[in-house]
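Here's the structure, in structure tokens; my notes come after.
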């Protein structure tokens, strides 16, 4: 069995890793860390695990983590930045769910994260873990930077277009809607029930930290620098994310043309489902699963393409994709432990 | 006292008219109609009215409605289309909350509503009841077509720009999010709790019926035909609507420039509030009120303006605006009965 | 105009006082305090007040508050305990929304609140502000202790029975369900959106601090000591409270008998509505209003009475009742500013 | 592989059977029926199944169902009453999720369901499928009547007490709270989003159809007839059920005494988890799973026991328990396909 360590096990992505790995036939949980709850059993923190997992939470410690075959870093941003150089000295494979190593350009960290990267020398060897784009590199990577939830939905929604000459690359807009779990488990006014319930809360418009991550990947695909508008919104639901993406068409294309193109592009991808004509992506049908559903619709009156891209921010947008990356890194069947359909309702 | 009739009193906009008119010092409810619940007291349908309003619901009847000073038509689309010609023979003022008389071009009805308008000869005399744009005409109108909720949020969000040469009029996109009450009270799969809860549901993208209404008013303001992309989404909340509107700038303008312009444009408008720099509109702070809050933000990296426009779909998006129109038509102070702040949380 | 001071204006009950007093024709807001936001305008804290209220928040200061005619203490428990003795030296009337002076027995504070009351000498002169029970005393009181939300729903639901010999006073159980706003605005794990959404969370069973308050009032009515079981639950909604109350009948009584009795008991009470046969209280129809709806049903198979009692925890359960008390204390019409029906949906 | 038929596959319990059986290693879906959607693929009805299940929905037909090894009847009440006599002529095992064969006393159907049972002769051979009580009988049953969601939560919560002499059997009350999915997928006013959201809705108090089912099983356990009070409430969440159960103690017992007794009673039951002292059951931690969590607390001031019992109404309250029954009937390991922890948040 593959021994698993999870640093930051008492957050939502930590719990989701545990939930999913419990259904994975090849892994066993070995080390769980939590600064807040160290000394407690994980089942005391999350009673859903009673009778299923009974592991004591430890303080963060690179030596202990090194004893694992795979380490998931589900830590707040920057917490693991200096831990990684320690971990890579061992043989363990590492999937980092934070943003610490996602951007290839060290110069982007001061601008978007207001910090200087402490280990820019490691950035080249860390693979951006979007399997649908970088599967081959992931296979041989020791460290994968697991994509953000917003970037996963937007990049997958646009990837099939980036190498075509069908679209105006200067016109990209993503209007994205997220459930509240994306903000983590730490209490705040914004995530207080009464402040999130019964309202739509736009935030970070024209300045959200996930923007450079999307632009990095889209630019790589297109072969030239792309800037986009990205507008995230907090929606009163616990899970789920929908990106409604707008891009101008440079030639006349029908819904059928585009659907065929998307289906072809994703034909070998189990976790990306192109929807039928006139069907839009709906977060209900991916919730709890590792799928990303993509709907494609041409607004013929203005010759603009509208892509709807839905995923579960905690699964394909975080922990599920992290396990997908692990499977690839270890040479396991990529779908292992991730085949459950969404839970609905 | 002004005698009020409400046709379609047992729907959500009917109830909201009653709630708001109960706080209006110059009106008294006289006639309430409902096909579904005729013979019952309105307080049996909506127990919130127990001890406050006790009026028996009647079948729809133009003769009885004519006895009122003001009639609100809160009926399903097309139900009141043939009722209006009867009502205007009397002296009563009419505010029609349906879409039946909103479009000036009778030819738009077959395309967008799949029906032939039965009284196109009346369209010219009906005033589109957005007070911030058409106050003078409303003053002398006998019939006002009350705007849709989506159009109110989008038109108010864009109106200050339409006569400028600052923006690319071909680039307008509104990504709008609505609470479920906008779909009315009739049960359906889409509005079933479990199908709307915990999910974001895009619908009617590139084909929603409110599109021509927005284009009519925006084109009139701009002085030339405008087509836009409009993407509505159903959000798991009962009330509230947010439109996130995108438009490309043709010159360099700062947030401050635009905020000043908006504030100036709306300086005499009590119900439209331009928000401070870096504040986005949030449905929480308009819920239950007749306000429309507008936030303005330039995405300088791509020189695109992003407007957030929030209102309560049942108040400024329907019944509150209808009363605002009534006040104007009757020469009352426009704010009468409509000054309550939002209910939060 | 009556000058109003609100200590603790930046919490939910503070905001609700402001919202309701804005519709009160005899009052003007004079002093608002907030430790957290002092120096800011209240409209910056709650943008719903933009264009309506623009008052700078001050630090808590008894001298400034004394300049008001009426002071509402909307402070966390114990914060105002030592403020009250200062305030009562002035002429201002005081409504304390905290629990600090609700219990007549100073000895109950150590047991239920884990503290020693610092001014037990004042307890006798503070009137428990449930108008339906203590209207006469409230008229001449300088200080009123505004009841808790749970106690209001339970005491009103049981009051008509307490002086009868129809019920077994040892059998009282209240199973109560509350929206999350009852827990205040301070973020915590319990009130984090994802922890409250999509779940029912029982808490404080057999030990909640509102228990002695209910028992005090019920015992007074019955003329002998009563102990009850009280089980509160947190429900995923922002506002609203339902108490489902169980009490064994000692004689055979029909629904009609009991409804008639309740209607008679509350016949002069505008804010308490006894529902018709087979109608249960539903929080929807009191939300945003000062009403308490009461449904009565006999479970004939076991001869047990089941009372459903619904109110809005922030209105009749807090700020609305506080204004009702103010009206009585000042000799105003009791309903002034409080007649709006619930907002639904 | 075991061939599975599901009659009524397009409802919520049908979909939940499919979701859970997809994770079951020994079964394959063979026949799915739906009157509403016959001819469509199940994945067109529930897009969550895209890429996972692609089976065409058929009209209800006993001959086709007989070809299966196990048939689940997930039909509206009475729809399957006359189907069962046909099905039992074959060798297939049947789990009926409806109420049609739950009550042993045919005379209870007219009283509680307003109908005359058409096949009372079959009632004796149908086993009430609560595995924790009737495992032995289920092993050899051809037909199991799967318990209702409310009864499962209440019976499990009380079972450990029924054979003791510790409690007053005349004092049982269950105050139960359910998510809206328990009402099924058919749209209605009650389940309309705006009518269920942001409110608590008690219904069926002192008359709900699940009452005789609870009384049947509790009476059997106690060895004498028991009547209880049962009060269901609709809560604004999709899934989950909590029963707060009250019963008077006849002797002095501590929390520890009772917890030990419950833990002992359920010591061999994987799916029933007795919670630690001062922990109440919370629906969050069972949602999506087949667990029933039980909290035990003595209200010492009144010597009353308060049991909190939480489950997922669609899993342990319906489809999960149905699969648990299937596993037992077929001699499989009882937990097969049902070991996933809850999904949280």
Exercise for the section: Give me a count of the residues in the stretch C:183-210 that are under 15 Å from residue C:148 (Cα atoms) and touching a helix residue (DSSP H, G or I) at 6+ places or on another chain (Cβ under 7 Å). Expected result: 3
Practice task
Consider residue C:73 carefully, then state whether it is in the same structural domain as residue C:124 (by TED's automatic domain parsing) and in contact with a strand residue (DSSP E or B) (Cβ under 8 Å, 6 or more places away or on another chain).
Solution key: yes
Practice task
Kindly provide the set of residues from the stretch D:6-49 that are under 19 Å from the mean Cα position of the chain (by Cα) and farther than 17 Å from residue D:335 by Cα, ordered by number.
Solution key: D:6, D:7, D:8, D:9, D:10, D:11, D:12, D:13, D:14, D:15
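Where in the stretch A:103-195 are there helices (runs of 4 or more DSSP H), lying wholly inside it, with at least 1 residues that are touching a strand residue (DSSP E or B) at 6+ places or on another chain (Cβ under 7 Å)? Don't jump to the end; show me each part of the working.
Details: elements: A:108-113, A:131-139, A:149-162.
Output list reads A:131-139, A:149-162.
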Exercise for the section: Return a yes/no flag: does the stretch C:230-246 have any residue that is over 18 Å from the mean Cα position of the chain (by Cα), assigned to a loop (DSSP other than H, G, I, E, B) and in contact (Cβ under 8 Å) with a residue 60 or more places away in the chain. Expected result: no
Exercise for the section: Count, please, the residues in the stretch A:269-304 that happen to be within 28 Å of residue D:15 (Cβ to Cβ) and outside any strand (DSSP E or B). Expected result: 20
Handout entry: Criterion violated by residue A:279 - all others in (1) surrounded by fewer than 24 Cβ atoms within 10 Å (Cβ to Cβ); (2) in contact (Cβ under 8 Å) with a residue 24 or more places away in the chain satisfied
Key = (2)
Handout entry: Only listed residue being more than 14 Å from chain D (Cβ to nearest Cβ), closer than 20 Å to residue D:197 by Cα and surrounded by fewer than 24 Cβ atoms within 10 Å (Cβ to Cβ), chosen from C:183, C:159
Key = C:183
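Among the residues of the stretch C:64-87, count how many are over 14 Å from residue C:4 (Cα atoms) and in a helix (DSSP H, G or I). Before the answer, list the steps.
We begin by selecting, within the stretch C:64-87, every residue over 14 Å from residue C:4 (Cα atoms); these are C:75-86.
Next, from what is left, pick out any that are in a helix (DSSP H, G or I): C:84-86.
So the answer is 3.
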Completion exercise
Going through the stretch C:298-315 in order, the residues found to be touching a helix residue (DSSP H, G or I) at 6+ places or on another chain (Cβ under 6 Å) and either away from chain D (no Cβ under 14 Å) or surrounded by fewer than 24 Cβ atoms within 10 Å (Cβ to Cβ) (or both) are C:298
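Scanning the stretch D:20-50 for residues that are assigned to a helix (DSSP H, G or I) and free of Cβ contacts under 8 Å to residues at least 60 places away in the same chain, which turns out surrounded by the most Cβ atoms within 10 Å (Cβ to Cβ)? Write out each step before concluding.
Start the filter on the stretch D:20-50 by keeping residues that are assigned to a helix (DSSP H, G or I), which leaves D:20-21, D:42-45, D:47-49.
Going one step further and asking which of them are free of Cβ contacts under 8 Å to residues at least 60 places away in the same chain, we end up with D:42-45, D:47-49.
Working: D:42: 25, D:43: 18, D:44: 16, D:45: 20, D:47: 23, D:48: 27, D:49: 22.
My answer is D:48.
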Practice task
Output the number of the condition that residue D:213 fails; it satisfies all remaining conditions of (1) assigned to a helix (DSSP H, G or I); (2) in contact with a strand residue (DSSP E or B) (Cβ under 6 Å, 6 or more places away or on another chain); (3) within 27 Å of residue D:190 (Cα to Cα).
Solution key: (2)
Practice task
Among the numbered conditions (1) in a loop (DSSP other than H, G, I, E, B); (2) farther than 30 Å from residue D:236 by Cα; (3) away from chain A (no Cβ under 12 Å), tell me where residue B:207 comes up short.
Solution key: (3)
Fill in the blank from the handout: In the stretch C:6-51, anything at the interface with chain B (Cβ under 9 Å from one of its Cβ atoms) and more than 18 Å from residue C:95 (Cβ to Cβ) is listed as C:44, C:46, C:47, C:48, C:49, C:50, C:51
Exercise for the section: Determine which single condition residue A:114 fails, assuming it passes every other condition in (1) more than 27 Å from residue A:12 (Cα to Cα); (2) surrounded by fewer than 18 Cβ atoms within 10 Å (Cβ to Cβ). Expected result: (1)
Problem - Selection within the stretch D:217-232 - more than 7 Å from chain C (Cβ to nearest Cβ) and out of contact with any helix residue (DSSP H, G or I) (no Cβ under 8 Å at 6 or more places or on another chain) - result: D:219, D:220, D:223
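So which residues in the stretch A:247-268 are part of a helix (DSSP H, G or I) and more than 10 Å from every other protein chain (Cβ to nearest Cβ), if there are any at all? Quick ask: steps written out before the conclusion?
First, pick out the residues of the stretch A:247-268 that are part of a helix (DSSP H, G or I): A:255-265.
Listed by number, the residues that qualify are A:256, A:257, A:258, A:259, A:260, A:261, A:262, A:263, A:264, A:265.
The values are calculated or read from the model by the stated rules, or taken from the named source; none is laboratory data. In this text the structure is predicted, and so the values were computed from the model without any measurement. Every residue, glycine as well, gets a Cβ built from its backbone with ideal geometry; the counts of neighbours run over all protein chains shown.
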